[in-house]
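The values are calculated or read from the model by the stated rules, or taken from the named source; none is laboratory data. Since we're looking at a predicted model, the values are computed, not measured. Positions of Cβ are generated from backbone atoms using ideal geometry, with glycine treated the same way; all protein chains shown enter the neighbour counts. Surface areas here come from the heavy atoms of the whole protein model, side chains and all, with no ligands, DNA or RNA. Shrake-Rupley method; radii C 1.70, N 1.55, O 1.52, S 1.80 Å.
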Amino acid sequence: MTVFTDYLWFNTKKKQEFVRITDEVAAIVKKSGIQDGMVLVSAMHITAAVYVNDWESGLIEDFQVWLEKLAPSKLPYKHHQTGEDNADAHLKRTIMGHQIIVPITGSALDLGPWEQVFYAEFDGQRRKRVVVKVMGA
Amino acid sequence: MTVFTDYLWFNTKKKQEFVRITDEVAAIVKKSGIQDGMVLVSAMHITAAVYVNDWESGLIEDFQVWLEKLAPSKLPYKHHQTGEDNADAHLKRTIMGHQIIVPITGSALDLGPWEQVFYAEFDGQRRKRVVVKVMGA
Amino acid sequence: MTVFTDYLWFNTKKKQEFVRITDEVAAIVKKSGIQDGMVLVSAMHITAAVYVNDWESGLIEDFQVWLEKLAPSKLPYKHHQTGEDNADAHLKRTIMGHQIIVPITGSALDLGPWEQVFYAEFDGQRRKRVVVKVMGA
């Protein structure tokens, strides 16, 4: 069994930004040499998400409008009494999920035809990290 | 370490359908011969979910009513400008989650008393796949 | 490869309670002797969640208010026709997620600066379990 670890860094220009990272994850899997197994892709910051869905700009906008409706940014959250202003970012990332696992089969990401891996930033404009841990044979 | 991969196929009669797959997952684990480890069960299509919850028809209806409230089907989503009509299915599956991991202990799924594995289809009536990847010793 | 399994037990005083379990998970990883790998932390009961987010009491209150808004407790759920009264607990735990995986690097949980692991109970005051499965080298 082999275990291989790498990290992806982000520093988005906008506060909220969705970034496709399928190719970056695939490159780490290739570097690991693992042919059969799983790769964990997990946000290390608690106002960011990692999720799998469609690479279609309209749907990405739909996600953003929807998340703002379910977890609005302008509410008087208790968390803001600490000086923070990003409680909604914590909630939004919870809906999207903070980590995924992609199976690896034949040295490649075993994804369906439309599956793409995304990093979703809800409180950006600073350096943040995603851990990528590959395990297998 | 052993890694074992299989796939489950679905083609639901209705557009939205929740299908219990605990036994199918357990059968793949048995076939793998793995006694101790984990099994990933992950939807390969982005309008379907895999989740763990109760096998009780009333609660399944509650889930469906609730998801329609949180992610309604009749809104003018941007995604529909591409010709698609299933943006709500992408949102609904995001709430339910698209994958789960079941621990394997003593060659069996290590589930609590009421835990059941479900495939939730939100845009069915066509062939779709779930990947099942077993890892362990 | 080593696989190591343990369980955490809970019996919360209140019906709804959020409990930090980062240290308990780290102790199990230490006991496993695994230096590099992953640990699955998964609720075995279907009205409880395991999630990663901030250890800040204001934000935890925000989560609770928000979940009550998205999945209210006082609705006439179909599930309640079985004699149960906890349908909202099933929905709330679905939003929070019922399991997480923490990567292990250098014999320690590979967590970001603010990441903490929580057990979220939505129908407590009775004994419940979380399975912790460590895999790696």
#### Entry: Filter result for the condition that a residue is more than 8 Å from every other protein chain (Cβ to nearest Cβ) and of a type outside the set (Val, Ile, Thr), over C:103, C:76
C:76
### Task
Using the structure shown, decide if residue B:100 is of a type in the set (A, V, I, L, M), modelled with pLDDT of 95 or more, closer than 21 Å to residue A:100 by Cβ and open to solvent by less than 10 Å² (accessible area, probe 1.4 Å).
yes
### Task
Select from segment C:20-34 the residues that are touching a Phe, Trp or Tyr at 6+ places or on another chain (Cβ under 7 Å), not β-branched (Val, Ile, Thr) and not in a helix (DSSP H, G or I) and list them in ascending order.
C:20
### Summary
In segment C:57-73, anything hydroxyl-bearing (Ser, Thr, Tyr) and open to solvent by 50 Å² or more (accessible area, probe 1.4 Å) is listed as C:57
#### Entry: Qualifying residue in segment B:74-91 (condition: buried (at least 20 other Cβ atoms within 10 Å of the Cβ), in contact with a strand residue (DSSP E or B) (Cβ under 9 Å, 6 or more places away or on another chain) and at pLDDT 95 or above)
yes
### Task
Within segment A:91-137, track down each residue that is in a strand (DSSP E or B) and at positive phi.
A:136
### Task
For segment C:84-94, enumerate the residues that are within 14 Å of chain A (Cβ to nearest Cβ) and closer than 24 Å to residue B:39 by Cβ.
C:93, C:94
### Any hit, segment A:115-137, residues being at the interface with another protein chain (Cβ under 9 Å from one of its Cβ atoms) and without any contact (Cβ under 8 Å) to a residue 40 or more places away in the chain
no
#### Entry: Among the residues listed as A:13, A:30, the single one being under 12 Å from residue A:121 (Cβ atoms) and touching a residue at least 12 places away in the same chain (Cβ under 8 Å)
A:13
### Residues that are touching a strand residue (DSSP E or B) at 6+ places or on another chain (Cβ under 8 Å), open to solvent by less than 60 Å² (accessible area, probe 1.4 Å), among the acidic types (Asp, Glu) and away from chain A (no Cβ under 14 Å), drawn from segment B:1-56
B:17, B:54
### Query
Does segment C:9-21 include one or more residues that are modelled with pLDDT under 95 and aliphatic (A, V, I, L, M)?
no
### Summary
When (1) assigned to a strand (DSSP E or B); (2) farther than 25 Å from residue A:74 by Cα are applied to residue C:74, the one that fails is (1)
### Task
State whether one or more residues within segment C:35-55 are at pLDDT 95 or above and in a helix (DSSP H, G or I).
no
### Query
Pick from A:64, A:81: which is within 13 Å of chain B (Cβ to nearest Cβ) and assigned to a helix (DSSP H, G or I)?
A:64
